[in-house]
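Working notes, structure below.
The values are calculated or read from the model by the stated rules, or taken from the named source; none is laboratory data. This is a predicted model, so every value here is computed, not measured. Cβ sites come from the backbone with ideal geometry, for glycine too, and all protein chains shown count toward neighbours. Please note that ligands, DNA and RNA were not included when accessible areas were found on the heavy atoms of the full protein model with its side chains. Shrake-Rupley method; radii C 1.70, N 1.55, O 1.52, S 1.80 Å.
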Amino acid sequence: MAEKEEKDRTEESPEGGGGETQKKGLPLKLIIIVGLLVLLLAGGAIAWKGGMLDRFTGGAEKAAETKKVVEAGKSDIGPIYSLDTFIVNLVDPQGKKYLKVKMELELSSEELRMEVEKRLPQFKDTIITLLSSKTYEDVSSLEGKLQLRAELMAMLNQYLTSGSIVNIYFTEFIVQ
């Protein structure tokens, strides 16, 4: 009988009864931890998919683009062709935002100047069309200006056969 009483005491004691509670509590804690991890991973996936993490993951690419621009400025500059000032309406629901840009084209060679002059109407049309398709958010940041420069160079170089535009310099850039 003494054994039975001791057995009953261990079952009633916090240590004896706690063993069964701990067995039930461990899976509950495990479920909570796993649930939190799943939520955290899902949130990260949604943020990544939505582009919210671009400032962290795209930093290396943006730094490389900026480095290219800086290195291009260090080398000897080629012949420059000045374009007229462009004033366009930006894409805005109220139609009240304007962009005023003056650009200088750096050419790969002096011989290219004649071809640029010949294709000037095509250049102006392309520049006006591209600039007027942009929003204020597209052109207000440094990344936006670098992207605009790259797009302009790619589009204008499609017209050229005897050389290329090496760089575009914005000498005036006003958004109002």
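Does Gly144 satisfy the condition of being of a type outside the set (A, V, I, L, M, F, W, C) and open to solvent by less than 30 Å² (accessible area, probe 1.4 Å)?
yes
Can you name every residue in the range 119-136 that is assigned to a helix (DSSP H, G or I), of a type outside the set (Lys, Arg) and in contact (Cβ under 8 Å) with a residue 40 or more places away in the chain?
Selection gives Phe123, Ile127, Ile128, Leu131, Ser132, Tyr136.
So how many residues does the range 128-141 have that are β-branched (Val, Ile, Thr) and open to solvent by 60 Å² or more (accessible area, probe 1.4 Å)?
2
Test each condition in (1) modelled with pLDDT under 70; (2) among the aliphatic types (A, V, I, L, M); (3) assigned to a strand (DSSP E or B) for Val70 and report the one that comes out false.
That leaves (3) as the condition not met.
Can you report the number of residues in the range 137-169 which are within 26 Å of Pro93 (Cβ to Cβ) and not in a helix (DSSP H, G or I)?
Count: 1.
Of (1) assigned to a helix (DSSP H, G or I); (2) open to solvent by 40 Å² or more (accessible area, probe 1.4 Å), Val116 satisfies all except one. Which?
Every listed condition holds for Val116 apart from (2).
If I ask for residues that are charged (D, E, K, R) and within 20 Å of Pro79 (Cβ to Cβ), which ones from the range 136-171 would you list?
Selection gives Arg149 alone.
Of the numbered conditions (1) exposed (fewer than 13 other Cβ atoms within 10 Å of the Cβ); (2) within 19 Å of Ile77 (Cα to Cα), Asp125 fails exactly one; give the number of that condition.
(2)
Looking only at residues that are modelled with pLDDT of 95 or more and not charged (D, E, K, R) in the range 94-104, which one is farthest from Met155 (Cα to Cα)?
Val101
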